Amino acid sequence: MNLRPQFARLPSGDLRMIRREVPMVSTGSLPALFQSPDLVEDQAVAVVRRFGGDVTSRQHILGQYTIQFAK
């Protein structure tokens, strides 16, 4: 699976990212508060490995990070 984002050019000349279906990893429940940065990075690396990506590529790893919002 190609982990790089793909774009399509609209008639106006703007770029639009092409949405693709990616299987979600389900843990069975939502996290209580937030996950530690180390855990988020470990999970991102595991996803990149599972998709056959390059784990030395920072772009591939950052693309698989779980975004967390907290106060």
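Restricting attention to region 30-42, which residues are loosely packed, with under 10 Cβ neighbours inside 10 Å, assigned to a loop (DSSP other than H, G, I, E, B) and at pLDDT 60 or above? Full working, then the answer.
To start, the set of residues in region 30-42 that are loosely packed, with under 10 Cβ neighbours inside 10 Å comprises 30, 32-33, 36, 38.
Narrowing the set further to residues that are assigned to a loop (DSSP other than H, G, I, E, B) leaves 30, 32-33, 36.
Passing the criteria: Ala32, Leu33, Ser36.
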Would you say Arg49 is charged (D, E, K, R), at pLDDT 75 or above and exposed (fewer than 10 other Cβ atoms within 10 Å of the Cβ)? no
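The values are calculated or read from the model by the stated rules, or taken from the named source; none is laboratory data. Keep in mind that this is a model prediction, so the values were computed, not measured. Note that we place each Cβ from the backbone using ideal geometry, even for glycine, and neighbour counts take in every protein chain shown.
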